[in-house]
Amino acid sequence: MWRRCLRLRDVGRRLLNLPRSGLTASEGLGPKLPTPIRAYVPPAERKRFYQNVSISQGEGGFEINLDHRKLRTPQGKLFTVPSEALAIAVATEWDSQQDTIKMYTMHLTTLCNTSLDNPTQRDKDQLIRAAVKFLDTDTVCYRVEEPETLVELQRNEWDPVISWAEKRYGVEIGSSTSITGPSIPARTREVLVSHLASYNMWALQGIEFVVTQLKSLVLTLGLTDLRLTVEQAVLLSRLEEEYQIQKWGNIEWAHDYELQELRARTAAGTLFVHLCSESTAVKHKLLQG
């Protein structure tokens, strides 16, 4: 893991050395990157270069201002979001940065960049099917056969969530101890595809992000439908790991760090979905630095 982090850091530093042309949401004064881009690389930390953060309304939506300069995406597009509440949330991320800008803590900004630049060049149907495909390997659908204490824990904690989803959407999901996982009926996929189609492209980016964090479409549906809290969903996604920690002990700081990071990403993704799905108006637009 640490080697991977070092490689990402080195790539980020190389990006910083590319020609600059304007203020970007990933690096401030950022490079024009070639398109399409497969994925964004977390840039190296850099010194905070602005004093005040504010938002303003433009023709395409709400914009973020760092001092008197407009924020832009890694591909150079004007950073514009569809709702005022989301703009304020993103502005808060930028305003919360201290002496250095830590992009890896700014999950809402990253999700907005992904929605605006669409680096993987996927359409709505592809996003939906990518999320539904997680049913084949959904965390809560895979069960162990032993030890009995873990079998009982999975049954007690995961079965109620599956039962809720089956009743809520009128589908069959089930669970399995087979390595191939449960057999998901075609109708279940059709119903969930239809449900996800009711979301816009921005919200779907957030949904897929949360599904990827939790490795579970079922838990993500519970979150977006307000059936589960972030803490509950994260704990359920880590049920076997938490069981092993209780049995064998915790690795000092490492498990706690992973848990907090997962909670932060899941919370940001869930908030992003809701802010992109609702029309909200907020009176106070300026954030004083």
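The values are calculated or read from the model by the stated rules, or taken from the named source; none is laboratory data. Small disclaimer: the values here were computed from a predicted structure and weren't measured. Here the Cβ positions follow ideal geometry from the backbone for every residue, glycine too, while neighbour counts run over all protein chains shown. Each accessible area value is taken on the protein alone, full model and side chains, heavy atoms only, with ligands, DNA and RNA left out. Shrake-Rupley method; radii C 1.70, N 1.55, O 1.52, S 1.80 Å.
Just to be sure I understand, how many residues within segment 99-158 are in contact with a strand residue (DSSP E or B) (Cβ under 8 Å, 6 or more places away or on another chain) and more than 30 Å from residue 51 (Cβ to Cβ)?
The number of residues fulfilling the criteria is 3.
Mind listing just one residue for me: the one in segment 141-182 that is charged (D, E, K, R) and under 17 Å from residue 236 (Cβ atoms) and, of those, farthest from the chain's Cα centre (by Cα)? Working first, answer last.
Within segment 141-182, the first condition is being charged (D, E, K, R), and the residues that meet it are 143, 145-146, 148, 152, 155, 157, 159, 166-168, 172.
Keeping just the survivors that are under 17 Å from residue 236 (Cβ atoms) gives 143, 152, 155, 157, 159, 166, 168.
Working: 143: 26, 152: 30, 155: 27, 157: 24, 159: 25, 166: 24, 168: 24 Å.
Going through the qualifying residues, I end up with 152.
Is there any pair linking a residue in segment 211-233 that is closer than 17 Å to residue 182 by Cβ and in the same structural domain as residue 135 (by the TED database) to one that is acidic (Asp, Glu) and modelled with pLDDT of 95 or more, with Cβ under 6 Å and at least six apart or on different chains, and which?
As it stands, the answer is 216/138; 217/138; 218/138, since those pairs meet every condition given.
I'm trying to understand the selection: among the residues of segment 67-111, which are over 18 Å from residue 201 (Cβ atoms), β-branched (Val, Ile, Thr) and within 16 Å of the chain's Cα centre (by Cα)?
105
For segment 38-147, which helices (runs of 4 or more DSSP H) that fit wholly inside it have 2 or more residues that are open to solvent by 50 Å² or more (accessible area, probe 1.4 Å) and touching a residue at least 12 places away in the same chain (Cβ under 8 Å)?
Details: elements: 84-96, 107-117, 124-132.
Answer list for segment 38-147: 124-132.
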